[in-house]
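Okay, so here's the structure we're looking at.
Every number in this text was worked out from the coordinates using simple rules, so none of it is lab data. What you see is a predicted model, and the numbers here were worked out from it, not measured in a lab. All Cβ positions, even for glycine, are placed from backbone atoms using ideal geometry, and neighbour counts span all protein chains on display.
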């Protein structure tokens, strides 16, 4: 099953569990209800900041939302720091540089990684999934929601 479908199914399941409608979730996270419905139908994936807002509102790990973990423990997560600040420190902790990561991961260039660090753009969920798999870490660790 592809990440779009998995995200939509897991989001539906969490909304049922939390007795939350698309409209209510929309109000909590500041995302248009029509966009929430597109997520539920598996038509699009959220941007990083919206994925974090949804995970925070539903008190779940990003790994569960995107299908990297089959279960979760509902809990409060600390606010995610700006990705541009957290990412370089996280790479260093893992023994990686942007150069080494770009060299090892096809499709990720050093200039793209630099754009993330210099706040020119944010990574897509698809790129975060690749990086998390490559570094053997959770999405929540990668974005700074978990230490």
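Below are the figures for this structure:
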| quantity | calculated |
| --- | --- |
| Fewest-first ranking of 147, 134, 86, using other Cβ atoms within 10 Å as the exposure measure | 147, 134, 86 |
| Proportion of all alpha-carbon pairs of segment 3-65 beyond 20 Å (%) | 7 percent |
| Alpha-carbon centroid distance for the pair segment 48-64 / segment 88-147, whole angstrom | 18 Å |
| Average Cα contact separation per residue, the chain, under 8 Å, 6 or more apart, as relative contact order % | 23 percent |
| Per-pair calculated FRET efficiency, R0 = 25 Å: residue 40 and residue 119 via Cβ, rounded to 0.05 | 0.25 |
| Distance between modelled label sites at residue 59 and residue 13, nm, 7 Å Cα→Cβ extension | 1.8 nm |
| Bins of 5 Å, starting at 0 and running to the largest distance - Cα pair percent for segment 83-143 | 4, 20, 34, 33, 10, 0 |
| Contour minus Cα-Cα distance for residue 69 and residue 99 (0.36 nm per residue) | 7.9 nm |
| Difference of contour (0.36 nm per residue) and Cα-Cα distance, residue 49 to residue 28 | 6.2 nm |
| Taking only Cα atoms of the chain, radius of gyration then Dmax in Å | 15.2, 45 |
